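Below is one structure, written out as structure tokens; the observations come after it.
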Amino acid sequence: MDQTYAIELKNITKRFGKKVVANKSVSLNVKQGEILSLLGENGSGKTTLMNMISGIYFPDEGQIFVNGKEVFIRSPKDSFDLGIGMIHQHFKLIDVMTAAENIILGLPGKAVLNMKKVHQEIQELVDRYGFDLDPAQKIYNMSVSQKQTVEIVKVLYRGANILILDEPTAVLTPQEVEKLFDVLRKMKEDGRSIIIITHKLNEVLAISDRVSILRKGRYIGTLNTSEATVSSLTEMMVGEKVSLDINRPMPHDTKLRLSVNNISCPGMDQLKSLDSITFEAYGGEILGVAGISGSGQKELLESIAGLTRISEGSIIFHSPEGEDIELSKYDSVQINRMGVRYSFVPEDRLGMGLVGSMGMTGNMMLRSFRNGRGPFTSTAEPRQLAEEIRESLEVVTPNVNYPVRRLSGGNVQKILVGREISSDPALLMVAYPVRGLDINSSYMIYNLLNEEKEKGVAVICVAEDLDVLLELCDRILVLCGGRISGIVDARTTTKEEVGYLMTSHKKDRKEDA
């Protein structure tokens with residue numbers, strides 16, 4: 001007797017224009033009451049495939065079955081009506097509204113809503129699965145994990161029995177990841193089917209029942225998670241064996257490049273986002289920055305880059321030419337005009353790093369257009385640089401003028417990192433450089449950072465994966481509540497010690513407040 005699947009895809013094909021085939025004859029299925037992980041390199045068609053299930057795209061060829069019945073999903077409404085809900089990587093919430101208001105937004109109802117009843121219904125869902133959520137809380141006051149919770153509760157409130165999560169752990173701490181997994185396991189026990197798009201292979205092995213792999217838009221296969229290893233999954237994704245060891249050369253001939261002296265930045269609720277931060281960064285080393293989300297990592301890098309003004313202290317850049325420049329006296333535009341050799345890969349790729357409507361060539365020009373003469377700027381050099389980055393970092397794009405907002409998150413990140421490294425910096429700051437990247441692309445970025453270190457560049461790397469920081473970095477600066485709780489040797493410290501430092505000042509901060 002044939003099994004009835006929650007979702008079954010047969011020979012799904014999706015094209016964009018004549019040249020780009022995002023999915024080619026993909027067939028896979030999701031059982032009822034299981035967690036299926038969907039793996040693949042950046043640009044392999046994972047999100048496109050899920051967008052067809054959620055009604056954002058319509059397949060050019062193939063069939064979709066839900067609970068054994070063929071369906072035609074032409075819009076997100078069709079998807080919702082079939083009990084399918086997708087939680088996207090970038091949340092779709094209105095900041096000034098409460099959790100409850102966002103959850104019911106767009107649903108049919110009376111002119112005057114009974115919000116007391118709505119809150120009660122939402123609270124029942126929250127209690128049932130163990131979410132950490134106050135229905136009356138405003139979105140702008142929430143942490144990243146709470147915003148994600150709102151998105152999950154939103155689709156559950158609409159009756160979803162099939163959930164699709166796109167990179168759900170990309171911005172969560174290890175503790176928040178474990179809480180999310182507990183919730184997903186409870187949903188599975190309730191008979192709900194869950195699809196997770198992710199690049200974190202250890203998490204795949206921890207949470208899923210089966211794993212399906214795509215490569216270059218084609219379906220490669222599905223296997224039981226109990227039979228899989230990190231190495232076997234990587235080989236299926238890439239098509240060949242990949243070394244999963246990060247090469248970490250010993251620092252040599254190190255030179256002082258950055259002195260941060262007792263800096264502070266104002267924050268909210270009478271607390272400082274940065275409080276008396278002092279450290280040094282050296283050329284020829286990678287200094288990692290660890291901390292729970294919101295501990296001041298963003299403000300630290302932005303204050304060095306001149307994007308956030310400090311209230312006290314000083315930031316001094318020691319140039320290779322022997323000049324000491326006090327960066328804290330200037331903003332980012334002035335620092336660039338002075339020719340300070342630093343590069344910054346921000347956390348917000350398309351908000352701060354790149355212009356989404358531009359192609360690679362246009363985004364290469366952003367770093368140099370002020371140096372042009374007259375009203376016209378030559379595109380020859382930026383185009384050549386774009387082609388070099390496309391080839392060396394294996395960026396998947398139809399051409400270098402294709403809008404970068406239409407590319408996968410991993411390809412966007414490659415473009416941004418490639419552009420910043422190409423400017424020959426003496427100080428390179430990167431925030432979450434491999435967020436959303438597949439394992440092969442991640443190791444490509446790690447190698448690039450080590451190459452810069454070998455050139456004598458001072459690299460400051462903010463990352464959420466402690467295992468990576470311990471393997472990649474020479475020293476790790478740990479932030480907690482805007483303060484430095486410790487600077488440790490990455491070669492001799494442990495994950496437990498860093499984890500302890502990440503939370504060690506919380507009590508002190510509450511007493512200060």
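Mind telling me which of the residues Ser293, Ser273 ends up being more than 25 Å from Val340 (Cα to Cα) and in a strand (DSSP E or B)? Walk me through it before giving the result.
Working: Ser293 fails: in a strand (DSSP E or B).
Going through Ser293, Ser273 in turn, the sole match is Ser273.
Being in contact with a helix residue (DSSP H, G or I) (Cβ under 7 Å, 6 or more places away or on another chain), over 13 Å from Glu34 (Cα atoms) and of a type outside the set (Val, Ile, Thr) is the filter here; which residues of the range 182-201 pass it?
Within the range 182-201, His199, Leu201 qualify.
State whether the residues of the range 163-179 include one that is over 19 Å from the mean Cα position of the chain (by Cα) and crowded, with 22+ Cβ neighbours inside 10 Å. Working first, answer last.
In the first step, residues of the range 163-179 are kept if they are over 19 Å from the mean Cα position of the chain (by Cα); the result is 163.
Subset that is crowded, with 22+ Cβ neighbours inside 10 Å: 163.
Yes - at least one qualifying residue is present in the range 163-179.
For the range 140-182, enumerate the residues that are in contact with a Lys or Arg (Cβ under 9 Å, 6 or more places away or on another chain), over 28 Å from Val498 (Cβ atoms) and either of a type in the set (S, T, N, Q) or at pLDDT below 90 (or both).
Hits for the range 140-182 are Asn161, Asp166.
Count, please, the residues in the range 51-72 that happen to be touching a residue at least 60 places away in the same chain (Cβ under 8 Å) and either in a strand (DSSP E or B) or under 16 Å from Asp438 (Cβ atoms) (or both). Steps first, please.
The first filter runs over the range 51-72 and keeps only residues touching a residue at least 60 places away in the same chain (Cβ under 8 Å), leaving 53-54, 65-68.
Retained after the next criterion (residues that are either in a strand (DSSP E or B) or under 16 Å from Asp438 (Cβ atoms) (or both)): 65-66.
Here the count works out to 2.
Take residues that are closer than 25 Å to Ser442 by Cα and tell me which of the strands (runs of 3 or more DSSP E) falling wholly in the range 2-44 contain 3 or more. Step through it out loud before you land on a result.
Numbers: elements: 7-16, 20-30, 35-39.
Of the strands (runs of 3 or more DSSP E) lying wholly inside the range 2-44, those with at least 3 residues that are closer than 25 Å to Ser442 by Cα span 20-30, 35-39.
If you take just the strands (runs of 3 or more DSSP E) that sit entirely in the range 311-362, which of them hold at least 3 residues that are over 23 Å from Leu385 (Cα atoms) and either in contact with a Cys (Cβ under 8 Å, 6 or more places away or on another chain) or assigned by TED's automatic domain parsing to the domain that holds Gly456 (or both)?
Details: elements: 312-318, 324-326, 342-345.
By residue number, 312-318, 324-326.
Do you know which of the residues in the range 418-444 that are part of a helix (DSSP H, G or I) and under 14 Å from the mean Cα position of the chain (by Cα) is farthest from Arg257 (Cα to Cα)?
Initially, the range 418-444 is screened for residues part of a helix (DSSP H, G or I), giving 418-421, 439-444.
Remaining after also requiring under 14 Å from the mean Cα position of the chain (by Cα): 439, 441-442.
Details: Ile439: 31, Ser441: 28, Ser442: 26 Å.
Here the answer is Ile439.
Looking at the range 108-127, is at least one residue modelled with pLDDT of 90 or more, buried (at least 16 other Cβ atoms within 10 Å of the Cβ) and within 24 Å of the chain's Cα centre (by Cα)?
no
Please go through the range 372-388 and pick out each residue that is at pLDDT 50 or above and either in contact with a strand residue (DSSP E or B) (Cβ under 7 Å, 6 or more places away or on another chain) or loosely packed, with under 11 Cβ neighbours inside 10 Å (or both).
Across the range 372-388, the qualifying residue is only Ala380.
Does the range 183-214 hold any residues that are basic (Lys, Arg) and modelled with pLDDT of 90 or more, and which are they?
Within the range 183-214, the first condition is being basic (Lys, Arg), and the residues that meet it are 185-186, 188, 192, 200, 210.
Listed by number, the residues that qualify are Arg185, Lys186, Lys188, Arg192, Arg210.
The values are calculated or read from the model by the stated rules, or taken from the named source; none is laboratory data. Predicted model, so just to flag it, every value in this text is computed and none were measured. For neighbour counting, all protein chains shown are included, and Cβ atoms are generated from backbone atoms with ideal geometry for every residue, glycine included.
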